[in-house]
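This is the structure I want to talk about, given as structure tokens.
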Amino acid sequence: MLVNILNAQKKLPGDLKLPSSEKELKLLEEYEKESYKYQVEDYFRKPKQSAFRFSPNGLYLSYREKDNKGKRHIYVKNVETAKTSLVIEEKEDLIRAYSWANDSRLIYIKDKGGDENYHLFAVDLDGKNQKELTPFDGVKVSILNLLKDQKDYMIISMNKDNRQIFEPYKININTGQINKLFENKDPSNPITGYDFDKDANLKAYTQQQGGTDYILYYRTDNDKPFKKIVKTNWKQTFYILAFDYTTSNTNDAFVMSNLENDTDEIILYDFEKKKIIKKIYSNDSFDAGGISRSIKRGYELDYYYYTGEKSVIIPVSATYRKLHKKFVKQFKDDDFSIVSKTDEEDKYLIYVSSDKLYGIYYLYDVIEDKFKELFNLMPSLNPKDMAEMKPIKFTSRDGLTLYGYLTIPNQVKTGQKVPLIVNPHGGPYGPRDRWGFNPETQLFASRGYATLQVNYRGSGGYGKKFFLAGNKQIGRKMLDDLEDGVAYAKKMDFVDESRISIYGASYGGLATLGSLVKTPDLYRCGVDYVGVSNLFTFFKSFPPYWKPYLAQVYEQWYDENSPEDQEIMKKVSPALNVDKITKPIFVVQGANDPRVNINESDQMVKNLRDRGFDVPYMVKYNEGHGFAHEENRIQLYKSMMGFFAKHLK
């Protein structure tokens, strides 16, 4: 009775009768009876220290440190004296991200239990003068510009006055005083992006038209009117990466565009003359990723980058070419990225990882020309014991080139045939899987499971044609691509064809459920993690700030107002087709998920149980779209390993 009263008072989301009990989930864990060198905790506990950052002047080093309760507080260390201070204490609500705002003040963001309505906070480097800068309930904040030359200010966007649309504000990070910089006047055709220069001048904005088109407006000076530059639709790319400060022409900018190319390319564009000055970089197979510049050297272009089968950095400036050569010599074939550098560019923090290396922070001192290992995030995981993540490439049944990754357990080396877990990524449109250390696939490999990750049609990074090939293919050709990936993996002769499973999160959860509907004989079981199950209810549960994009969703996913699309939606919504499911399913959900409402999982579980299925269902009431609390993540994967052991071994 007391528990029911407390639950009613908290107004917990979802049907409280559906989630499995802790005892039931513990019993699920116990199906994994074998002993292993590495435990689930070794892969999913948070590192003791992480997220290292230099203060801009290089006098301090900040980092996160985990206590014995799993809370990850933020500390600041004086580089000269080594004196360390606790600056930000993490409490019930997790600190989602943090950064230095200037030499003396840090900023950080938090939400409520994973609801993604982020609030902005600031604190002095000694832990004093802590202040919530955006204390607005139900409002989501994002940072647009840190304003390097105006140390007490930054530009943020908030949906403060209308939850569906965002407007830019200049905020004082000491007092919290805000000043709206531009009004988003037409909610039916909202502004979706703002481009400010380094001096806080609004140079351009992008306004949606009719839900599917976008117009980029630009002004050549603050006292000039905004003029239309280009009209695109959601299928096209044209957006400002950064303004070019190396030229006397203040209207030049680096732009990402695919208007004249299949893949996204970086161009230098003159917004006054409305013409391309020159094309900077493009790749025939993969979208360009972006650029990096040196503020100290007057915003000189240092390098551009993209993600192909692995991450690629292309040096440009003479200064960075020398640095890059040193980094490659030091770190060889491992991935490396600059995560922080001082304003004087005399010290760099470099994060190094690979498919087998969890991650190590290094300090590079330019003056001394020395590398120093700063912190190994997970020294307990020996890279020699980890599995290879192999980039793969194959052709779909209708002739499309597909890329992906196959993580191969070490048992294969002894000639064993192993079970396969197909792991479709979320999105589906835009995201993609990447090469690197993946604690999920490494955990699976340690238990003897191979993992297949396919960047199916519609995934990002492979150009416009590939992206658009995914249009209205949810539950159809997107699932064909996964099946074709399985057929490719089978040819490698180490997959046990009788023991194939599928697991995914978000859209990957929908793909998991959809695969168990479409090809029930291919898979032994599936795990649905914060996945969509019913397109009709999913569209109606969008958060307010997704509503302006419904017209695009109707063109890209399916149109719930079209009789023809309605029939397809019925066929590809797993919750409406549970009669076709014959294999076991484990369902996992964060109760506060703003993207995939808990009703998506609730109805799936209820419909399956009504048919007599035993469906383990894990719900966490302090989580959103994916689990962020360490204890929840560890329990999730222990239960998942028990589920796979029960059905794949």
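Over the Cα atoms of region 429-534, each weighted equally, I'd like the Debye log10 I(q)/I(0) at q = 0.15, 0.16, 0.23 Å⁻¹, rounded to two decimals.
With one equal scatterer per Cα and no solvent, log10 I(q)/I(0) is -0.65, -0.75, -1.49.
May I ask you to list the lysines whose Cα is less than 18 Å away from that of LYS649, ignoring any residue fewer than eight positions away on the same chain?
LYS33, LYS417, LYS583, LYS638
Please report the orientation-averaged projected area of the chain, defined via the convex hull of its C-alpha atoms, in nm².
29.6
Trypsin sites (Lys or Arg not before Pro), restricted to region 491-573: which are DSSP loop and have at most 14 other Cβ atoms within 10 Å?
Of the trypsin sites (Lys or Arg not before Pro), the ones in loops of region 491-573 whose Cβ has at most 14 other Cβ atoms within 10 Å are LYS491.
Using a 1.4 Å probe on the protein heavy atoms, what percent of the accessible area of the chain belongs to carbon and sulfur?
47
Provide the net charge surrounding TYR60, with neighbours chosen by a C-beta distance below 12 Å and charges set as Lys +1, Arg +1, Asp -1, Glu -1.
After counting each charged neighbour, the total is +1.
While we're looking at this one, here's another question. Near LYS356, which lysines are there with a Cα under 17 Å away, not counting those fewer than 8 places off in the same chain?
LYS37, LYS310, LYS332, LYS384, LYS390, LYS413
For helix 563-572, report the angle its Cα long axis makes with the longest principal axis of the Cα atoms of the chain; keep it between 0 and 90° and round to the nearest 10°.
Between helix and principal axis, roughly 70 degrees.
Still on this structure, please answer the following. Would you work out which of ALA101, ASN78, GLY113 lies farthest towards the positive end of the dipole of region 68-140, given +1 charges on the beta-carbon of Lys and Arg and -1 on that of Asp and Glu, about the Cα centre?
ASN78
Here's something else I'd like to know. Whole-Hz ³J(HN,Hα) for each residue in region 127-142, computed from phi via Karplus 6.51 cos²θ - 1.76 cosθ + 1.60 with θ = phi - 60°, x for glycine and proline: what do you get?
Coupling constants for region 127-142: x, 8, 6, 6, 8, 7, 7, 10, x, 10, 5, x, 10, 10, 10, 9 Hz.
Mind checking the full-extension length gain between THR81 and ASP614? Use 0.36 nm per residue of separation minus the Cα-Cα distance, one decimal, nm.
185.9 nm
Please state, rounded to one decimal and in Å, the Kirkwood hydrodynamic radius that region 201-276 gives when every pair of distinct Cα atoms enters the mean of 1/r.
Kirkwood radius, region 201-276: 12.9 Å.
Show me the trypsin sites (Lys or Arg not before Pro) within region 43-85 that DSSP assigns to loop and that have at most 16 other Cβ atoms within 10 Å of their Cβ.
Hits after loop and neighbour filter: LYS48, LYS69, LYS83.
Towards the positive end of the charge dipole of the chain, with charges on Cβ (+1 Lys, Arg; -1 Asp, Glu), say which of TYR462, LEU452, GLY590 has the farthest Cα.
LEU452
Now for a different question. Give, as ranges by residue number, the residues of region 531-572 whose backbone N falls under 18 Å from the point 7 Å along Cα→Cβ of ASP137.
544
Working out 0.36 nm times the residue gap between THR319 and ARG397, then minus their Cα-Cα distance, what length gain in nm do you get to one decimal?
My answer for the length gained is 23.4 nm.
Also, I was wondering about something else. Which FRET efficiency, nearest 0.05, do SER21 and GLU497 yield, Cβ-Cβ r, R0 51 Å?
0.90
Something else: If you filter region 564-607 for GluC sites (Glu not before Pro), then keep DSSP loop positions with at most 14 other Cβ within 10 Å, what is left?
The qualifying sites: there are none.
Can you list the aspartates and glutamates whose alpha carbon is less than 12 Å from that of LYS160, not counting same-chain residues fewer than 8 positions off?
Here the aspartates and glutamates satisfying the reach criterion relative to LYS160 are ASP137, GLU183.
Still on this structure, please answer the following. Per residue and in Å³, how big is the convex hull formed by the alpha-carbon atoms of region 560-649?
Normalising the Cα hull of region 560-649 by residue number yields 110 Å³.
Moving on. I'm a student and want to see the number: the projected area of the Cα convex hull of region 1-102, averaged over all directions, in nm².
11.1
Based on the Cβ-Cβ distance from LYS332 to LYS48, what FRET efficiency comes out when R0 is 30 Å, to the nearest 0.05?
0.70
Here's another thing I want to ask about it. Mind giving me the nanometre distance, one decimal, between the label points for TYR31 and GLU92, set 7 Å out from Cα along Cα→Cβ?
3.5
The values are calculated or read from the model by the stated rules, or taken from the named source; none is laboratory data. None of the values given here were measured: they were computed from a predicted structure. Cβ atoms come from the backbone with ideal geometry, glycine included; neighbour counts cover every protein chain shown. Accessible surface is based on the protein model in full, side chains and every heavy atom, while ligands, DNA and RNA are left aside. Shrake-Rupley method; radii C 1.70, N 1.55, O 1.52, S 1.80 Å.
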